[in-house]
Every structure is written in structure tokens, then in C-alpha cells.
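Encoded as C-alpha cells, the structure appears first; notes follow it.
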Amino acid sequence: MRITAISDTHNKHKYIDTRAFADTDILIHAGDFTGNGSRHQAIAFLQWFEALPVKHKIFVAGNHDGACSTSEWPEILAQYAPNCHYLYNSSVTIDGYKIWGSPYSNIFGNWEFMEDDLELADIWDTIPKDTDIVVTHGPAYGIGDLVDNDYEPGRDKHVGSQSLKDRLKKLKNLKLHVTGHIHESYSTYLGKWTTVNASICDANYTPFNQPISIHLEDK
């Protein structure tokens, strides 16, 4: 099972070399596919994502993706991405792997899909205990969440969700956590489970980083 992850493309998805998706079984986008949250940018992404020659495609929204919170979003999805799986605090099972996804992250500014950590805990508690892969726009505390904030001395540079980290520890089947949001923490993190911060754009919103592929054993 080859899983390829991307995130935080910010309307610059066409700069990605799609040869990176060759032989991919599941392509996951962890949110922030638009730059300004507009309907136009959302549709442009969906058309690109839908057309990719990958059998299974999964995505969540991110704090930039305001179009996803509008009443017309279900209609947009049905028209432009009928063969993709959009997850909103929900699951899909593919080839035996249960995958749960959410657009939420910790509060930072005035954006979509953000809550404080106590409220996030209620969302994370709905992750089924038998989940194999978790996709969240915002990272868990201490894993792929390190920001460059030297301009704010004394502030914790880790900005992920502690309640998410606590919940992930309770998922006995967890193999992979795909996230993004914190562009400067793009990398793969190995531990009890593998975490991928798949942000394509760097801290300057330049689409510099490459998709990340992970291999899991077939079920």
C-alpha cells in the first residue's frame, strides 16, 4: 500500500510534479488547498484533484478553505469531485484501512475550522478506536508543529493540539497521521506511529516541498 501525502498547496497545486503520484494507491491532501477560500479557487483545486490518475483520493479542508463551510459546498463537491472522498470529522475505509479526517486546528487568528483545545478534544474523541490513518489539518502537539516565532520571545514554539496527541495515543491500530498547517515543519516524523507534515508551500508560501510517500503493509 503506497500512500502519498500533500497539504497546504494554497492554490499552487499545478506546480506539483504529478509524477510523484505514480503507483500511489491513496493520495491524501490535508487541507489549505486554496489561498483565499474562494469558490473559484476551491473548484480549480477540485478539478485538478479529480483528474489525477490515482485510484483513491482523500482530502480535508483547512483554515484557509472558507468555501467548504458554505451551504453550496455539497453541490460543488458532487459536481467537481464525485470520485474523491471529502472527510469532515468522518471516516472512510479503503482496502481494509479505516481513515478518519478533520479540517480542524488550534485557534490562530480569524480563520475557518479552528477551536480551542478543550473544544477540539470533543472532536478528537469521535475518532473511532480502530482507526488506522488519521488526517487532520492541524498537527498534534510536539510532532510537526514547530513554528518560527523568534519575534515572540517566551512563546511556546510548538502550536499543535495536546488533546489530539492524547487521543492518537489511544488508537491502538494507528499507523499514520497526515497533517500540515505549519509550513516550516514539513517532514516525516517516526515514532509509535508515523507522522507526515506534508505542507507543499514553505513559510513564504512558495511551493518548494515535495509530496511525501509512505508504504504500509497490505491488509
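Remark: relative contact order (segment 43-155) = 26 percent; criterion is Cα-Cα distance under 8 angstrom and separation of 6 or more residues. Among Phe208, Phe108, the order of accessible area from largest down is Phe208, Phe108, computed with a 1.4 Å probe on protein heavy atoms. For the Cα trace of segment 95-219, dividing Rg by the Kirkwood Rh returns an Rg/Rh value of 0.96. Largest accessible area first, the residues Asp122, Asp166 order themselves as Asp122, Asp166 under a 1.4 Å probe with ligands, DNA and RNA left out. Rolling a 1.4 Å probe over the protein chains gives Glu112 an accessible area of about 70 Å². Counting heavy atoms of the protein chains alone, Arg167 has an accessible area of about 30 Å² for a 1.4 Å probe.
Computing Rg and the Kirkwood Rh from the Cα coordinates of segment 40-103 gives a ratio, Rg/Rh, of 0.95. Note on the chain: with charges restricted to the Cβ of Lys and Arg (+1) and Asp and Glu (-1), its dipole about the Cα centre is near 660 debye. Cβ-Cβ distance of Ile43 and Asp202, R₀ of 25 Å, FRET efficiency by 1/(1 + (r/R0)^6): the value works out to about 0.45.
Each distinct pair of alpha carbons in segment 1-73 adds a 1/r term; the inverse of their mean, the Kirkwood radius, is 12.4 Å. Sequence-distant contacts, meaning Cα pairs under 8 Å at least 6 residues apart, place the relative contact order of the chain at 22 percent. Electrostatic bookkeeping for His64 treats Lys and Arg as +1 and Asp and Glu as -1; over the other residues with beta carbon under 14 Å from its beta carbon, the sum is -2.
Assuming R0 = 41 Å, can you tell me the calculated FRET efficiency for the pair Glu119 and Asp23, based on Cβ-Cβ distance, to the nearest 0.05? It comes out at approximately 0.55. Accessible area per residue for the chain is 46 Å², calculated with a 1.4 Å probe on protein heavy atoms, without ligands, DNA or RNA.
In the chain, Rg over Rh equals 0.93, where Rg is the alpha-carbon radius of gyration and Rh the Kirkwood radius from pairwise Cα distances. Return the aspartates and glutamates within reach of Lys14: Cα separation strictly under 20 angstrom, same-chain partners fewer than 8 residues apart disregarded; answer none if there are no such residues. Excluding near neighbours in sequence, the set is Asp23, Asp32, Glu50, Asp65, Asp202.
For segment 1-94, the residue among Phe49, Gln79, Gly66 whose Cα projects farthest onto the positive side of the dipole built from Cβ charges is Phe49.
The values are calculated or read from the model by the stated rules, or taken from the named source; none is laboratory data. Predicted model only: the values in this text are computed from it and were never measured. Please note: Cβ atoms are built from the backbone with ideal geometry, for glycine as well, and neighbour counts cover all protein chains shown. Note: accessible area is taken over every heavy atom of the protein model, side chains too, but ligands, DNA and RNA are not part of it. Shrake-Rupley method; radii C 1.70, N 1.55, O 1.52, S 1.80 Å.
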